[in-house]
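Step one of this worksheet: look at the structure below.
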Amino acid sequence: MNAPAKCTLLFLLNLLDAKLTLLWVRAGMAEEGNWLMARLLEGGDAPFLAVKLLVGAFAAYVLWRWSDRGLARGGLNVALALYIGLMFIHAVTAATTLNDRFSTAAALRFFESVAVALFSAV
């Protein structure tokens, strides 16, 4: 997978994380783990989304802009791995809170297939 595709994926995972965080927090199923983002959530969804997406877009741009450098390529791979792990946490949250609709085993199988697909293309 080339750098622009990875950076786009990073931004999309950031967006998905933001939307899922809003879903879980507003439903009372989870709390925002980042102190600053939790304070922004207290001010409403718009400030939270604006900062989350601006930071995500900036990070994706910086990693794309300097993707010819090893540090940026490594940082991009680490960021993607962390976001994939975060998506796993979202899946476990869904599996445990919506137990009648999802199972942890199904979530594990799904994220295993996503990780294999993403990293086999690297």
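So the values come out like this:
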quantity	calculated
Length released on extending from Leu82 to Ala3, taking residue separation times 0.36 nm less the Cα-Cα span	26.8 nm
Charge sum, other residues only, whose C-beta stays under 15 Å from Leu10's C-beta, Lys/Arg counted +1 and Asp/Glu -1	+3
Spin-label proximity, Lys19 to the range 38-63 - amide N less than 17 Å from point 7 Å beyond Cα toward beta carbon	45-46, 48-54, 56-57
Ala30/Arg65 FRET efficiency (R0 30 Å; Cβ-Cβ; nearest 0.05)	0.35
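Since every read-out is calculated from the coordinates, none of them should be taken as a lab result. What you see is a predicted model; the values in this text were computed from it and never measured. We place every Cβ from the backbone using ideal geometry, glycine too, and count neighbours over all the protein chains shown.
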